[in-house]
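Undergrad: Please read through the structure below; I'll follow up with questions.
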Amino acid sequence: MKRILVIDDDTELLDLLNEVLRGASFEPILCHTGSEGIQKAIQIDPDLVLLDVNLPGMDGFDVCRRLREQPSTRTVPIIMLTAADQIEDRVRGLELGADDYLPKPFHSKELIARINARLRRSQLSTDEAKPIRLGNLEMAPVSLEVHIGGTLIRLTHFEFELLRYFVERPNQVIARAKLLGDLWPDSVVTDRTVDTHIANLRRKINAFSCPIQTVYGAGYVLRLHEMPGSGSSSQESPTSKAM
């Protein structure tokens, strides 16, 4: 049974989420404060975290940042719960490493759909677990580690999946609508969500020999470039199947 850690100070909402999650065959673990949530996440290694932004004391942004700093929780999927009209909160959460957001109030069916979507992407088959190499990049799907030129790059789970998506489709111009459909099939998100994730990813992989470029009016593309002095052999093909 998948364990879902819920961090929210609203007692009534926690009771409701406890019922909804159990009804969907999840094991909910409920926490009322950010510090309690961090400690519990380290102890139990949850499959996913539902995190409210407006927590007393340590808010959801600080909790998200600290979870991403901890080796044991760095890649756990995080869905942030935000006020419906707070666009800035959503963008800030994504920039800190959250994988998705769900505006309040929300429908229980949408919540379960988003949780299932995130959990599906956390499952790696045997074929998908093979190392992926392209240019000066090496990706290890099992450990979710990325090395560029031998240097370890810290990515969130979703950033890893986003990078893998492009690496497995080199030189293909990918429209935002295509990204939304393939990476967020069960969610209603915006082009700005895509742009925020890609901007964060670009900052972290700026030493990658194959940059993700913007094709204005069309989308994004990962361009193959040869490593200096290495000839054509530097452009290795990805070793895993497309997602």
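Undergrad: Please give the per residue accessible area of the stretch 36-162, computed with a probe of 1.4 Å over protein heavy atoms only, in Å².
TA: Details: 5300 Å² over 127 residues.
Heavy-atom SASA per residue in the stretch 36-162 reads 42 Å².
Undergrad: I'd like to know which of Thr75, Leu17, Val6 lies farthest towards the positive end of the charge dipole of the stretch 1-82, counting +1 on Cβ of Lys and Arg and -1 on Cβ of Asp and Glu.
TA: Thr75
Undergrad: Let me ask you something else. Work out the length of the dipole vector of the chain about its Cα centre, built from +1 on the beta-carbon of each Lys and Arg and -1 on the beta-carbon of each Asp and Glu, and round it to the nearest 20 debye. Intermediate results must be reported in sequence, preceding the final value.
TA: Details: 29 positive and 34 negative charges, 178 e Å.
Dipole about the Cα centre, nearest 20: 860 debye.
Undergrad: Any aspartates and glutamates with Cα under 19 Å of the Lys104 Cα? List them, leaving off those in the same chain fewer than 8 positions away.
TA: By straight Cα distance, Lys104 reaches Asp8, Asp9, Asp10, Glu12, Asp15, Glu19, Asp52, Asp59, Asp85, Glu88, Asp89, Asp186.
Undergrad: Considering all alpha-carbon pairs of the stretch 50-172, what whole percent are spaced by more than 26 angstrom?
TA: Numbers: 2070 of 7503 pairs.
Above the 26 Å cut-off, the stretch 50-172 has 28 percent of its Cα pairs.
Undergrad: Tell me the trypsin sites (Lys or Arg not before Pro) within the stretch 1-91 that lie in a loop according to DSSP and have at most 16 other beta-carbon atoms within 10 Å.
TA: When the trypsin sites (Lys or Arg not before Pro) of the stretch 1-91 are filtered for loop state and at most 16 Cβ neighbours within 10 Å, Lys2, Arg74 remain.
Undergrad: May I ask you to compute the full-extension gain from Glu27 to Glu88, defined as 0.36 nm times their residue separation minus their alpha-carbon distance, rounded to one decimal in nm? Please list the in-between numbers first.
TA: Working: separation 61, 0.36 × 61 = 21.96 nm, distance 3.11 nm.
Between Glu27 and Glu88, full extension yields an extra 18.9 nm.
Undergrad: Would you mind listing how long the stretch 45-115 runs along its three principal axes, going by Cα atoms, in whole Å with the largest first?
TA: On the principal axes, the stretch 45-115 reaches 32, 24, 21 Å in Cα extent.
Undergrad: While we're here: Run the simple label-point estimate for Leu152 and Asp59 please: 7 Å along Cα→C-beta, distance reported in nm.
TA: If labels sit at Leu152 and Asp59, their model points lie 3.1 nm apart.
Undergrad: Moving on. Considering amide H positions built from the backbone, and no H for Pro or chain starts, which residues 5 or more places from Asp100, or on another chain, come under 5 Å of its amide H?
TA: Those lying under 5 Å, H to H, from Asp100 are Ile78, Met80.
Undergrad: On a full-extension model of 0.36 nm per residue, what is the gain between Asp45 and Glu145, subtracting their alpha-carbon distance, rounded to one decimal in nm? Show your work: numbers first, answer last.
TA: Numbers: separation 100, 0.36 × 100 = 36.00 nm, distance 1.78 nm.
Length difference between fully extended and current span is 34.2 nm.
Undergrad: Per the 1.4 Å probe, what fraction of the accessible area of the stretch 1-97, in percent, lies on carbon and sulfur atoms? Write down the numbers at each step before the final one.
TA: Values: 1890 of 4340 Å².
C and S fraction of accessible area: 44 percent.
Undergrad: Then there is this: Would you list His147, His107, His157 from the most to the least accessible area, probe 1.4 Å?
TA: Numbers: His147 60, His107 110, His157 15 Å².
Ranking His147, His107, His157 by accessible area, largest first, yields His107, His147, His157.
Undergrad: Mind pulling the per residue volume of the convex hull built on the Cα atoms of the stretch 1-80? Å³ is fine. Provide the component values of the computation, followed by the final result.
TA: Values: hull volume 5.7 nm³, N = 80.
Considering the Cα atoms of the stretch 1-80, their hull volume per residue is 71 Å³.
Undergrad: Return the label of the correct value of Rg and Dmax of the Cα atoms in Å, as calculated from the structure shown, out of (i) 18.4, 62; (ii) 17.6, 60; (iii) 18.0, 53.
TA: (i)
The values are calculated or read from the model by the stated rules, or taken from the named source; none is laboratory data. This one's a predicted model, so the numbers in the text were calculated from it and none came from an experiment. Cβ coordinates were reconstructed from backbone atoms using ideal geometry, including for glycine residues, and neighbour counts include every protein chain displayed. Areas reflect the complete protein model, heavy atoms only, side chains present, ligands, DNA and RNA absent. Shrake-Rupley method; radii C 1.70, N 1.55, O 1.52, S 1.80 Å.
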